[in-house]
Amino acid sequence: MVGTSETAPIRRVAVLGVGLMGGSLALAARRRARVHDVRGYDIDPRATEQAVTAGVITRACGTPEEAAAGADLAVVCAPVRSVPALVKAALAADPPPRLVTDIGSTKAGIISALTLEDRRCFIGGHPICGAETSGVRFAREDLFHGATYFLCPTDEVPPELYEVLHAFVAQIGAKPVAVDIEAHDRIMALVSHVPHVLANVLMSTVGGFEASGRRALYSVGPSFKDLTRVAGANPPMWRDIFFENREALVASLRGLAGELTSFCELLESDDESTVLERIEQTAGFRQELLQYEDITPETLYRVTVRIPDKPGVLSQVMTGLGNANINIEDLTLHHFNRDVGGDLILYVSGEETAVTVGMLAEELGYAAFYSGGAGG
């Protein structure tokens, strides 16, 4: 992996919450990132016992502090409302871990619960993957393979810690993408939380509807089953997610309600041509989505960005690239000194992307240049 020589290797990982996601991350850390010491903590001791027996973790710990002590990376894999307390517990370990992250689907509430000092060692994370099963017994090492993995660094995070997490995420097979906290929560509200609300509302409506003595629930087809696949999933967890991200979720739902009203008006006015245009447009978006997911880098270009040694600069650059949908295949940081700063080395797929990265960096006020090929 490009850039790992510049980063102290991760030798010990702590997983706080050993369920499907935590267990899968532990397996990926052991088998893909070659981490030999993976310790686990869970509120249910049976989960960690099962994880040790199955070879998911190397050691079960009785407290989050015990698991996190001396770790290079502690990963909180727990319900969103439990994350701040577990982050604080991890940072209270003796010695504290070098870096703490989480995998929750909301970020603003977590960050607001942390002190400025806590934020120096914390980077929010969110892998866009999962499964319908739950529990460590269903853990698998390839769960993160090819998945977008959002990283939400704050201005307080040192650049070298971001590099550590970026490298680790890439090693377990995911695609790390930096995004600011507000954008993350707004995007997740629309692409993840809204579908769960719609699935629940649709299932509830159909479940209680009858016509001529026939329950609609007994007349559904494959499209209904596809749309409602996540209905009723893990009620306590999704209740917490809805309320932790309620501001962004309500805004998304109200926007969607407006779109539904607009569609009703098109039907009422017999506007067949506009309805057809809407369907054709969505078909185009669907095709774009499928093509985007099939993208595989063929040629790596190296982009060098000269950045000063100031708080928040790395977060500013990486978030800007993430907001522009730039996929960073790998990165490394060459730090010279406090006065000069250093070079942020980014590897991207294709010359056009390299040019765009350079332009975006220069718009932020940082000199940038690129060369063709990974060895260029």
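What follows draws every value from the coordinates through simple rules; no lab data is involved. Predicted, not measured: the structure shown is a model, and the values here were computed from it. Counting neighbours? That spans all protein chains shown, and the Cβs are built from the backbone with ideal geometry, glycine included.
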Tell me the relative contact order for the chain as a rounded percent, counting alpha carbon contacts under 8 Å between residues six or more apart. 15
Tell me, what HN-Hα J-couplings in whole Hz come from the Karplus equation 6.51 cos²θ - 1.76 cosθ + 1.60 at θ = phi - 60° for each residue of segment 193-208, using x for Gly and Pro? 6, 4, x, 5, 4, 4, 4, 5, 5, 5, 5, 5, 5, 5, x, x
Gap separating the Cα centres of segment 2-81 and segment 126-187, nearest whole Å: 15
What residues qualify as long-range amide H neighbours of Ala178, i.e. H under 5 Å apart, gap of 5 or more or another chain, H built at 1.01 Å from N? Leu151, Gly322
For the chain, longest principal axis from Cα atoms; helix 235-244 axis from its Cα atoms; angle between them, nearest 10 degrees, is 70
Straight-line reach from Lys310: which aspartates and glutamates have a Cα under 19 Å away, not including same-chain ones fewer than 8 places off? Glu117, Asp118, Asp155, Glu156, Glu160, Glu163, Asp180, Asp339, Asp343, Glu362, Glu363
For the chain, what mean projected area does the convex hull of the alpha carbons give, in nm²? 21.8
Leu198/Val52 FRET efficiency (R0 56 Å; Cβ-Cβ; nearest 0.05): 0.90
Expressed in angstrom and ordered largest first, the alpha-carbon extents of segment 185-293 along the principal axes are 44, 43, 27
Using modelled amide H (1.01 Å from N, peptide plane; none on Pro or chain starts), what sits under 5 Å from the amide H of Gly341, excluding residues fewer than 5 places away? Asp309, Phe336
Once amide hydrogens are built 1.01 Å from N within the peptide plane, the residues lying 5 or more places from Ala71 or on another chain with amide H under 5 Å from its amide H are Arg98
Scattering from the C-alpha atoms of segment 113-269 alone, worked out with Debye: what is log10 I(q)/I(0) at q = 0.15 1/Å? -1.02
Tilt of helix 159-171 relative to the longest C-alpha principal axis of the chain, in degrees (0 to 90, nearest 10)? 60
Helix 351-363 sits off the longest principal axis of the Cα atoms of the chain, rounded to the nearest 10 on a 0 to 90 degree scale, by 80
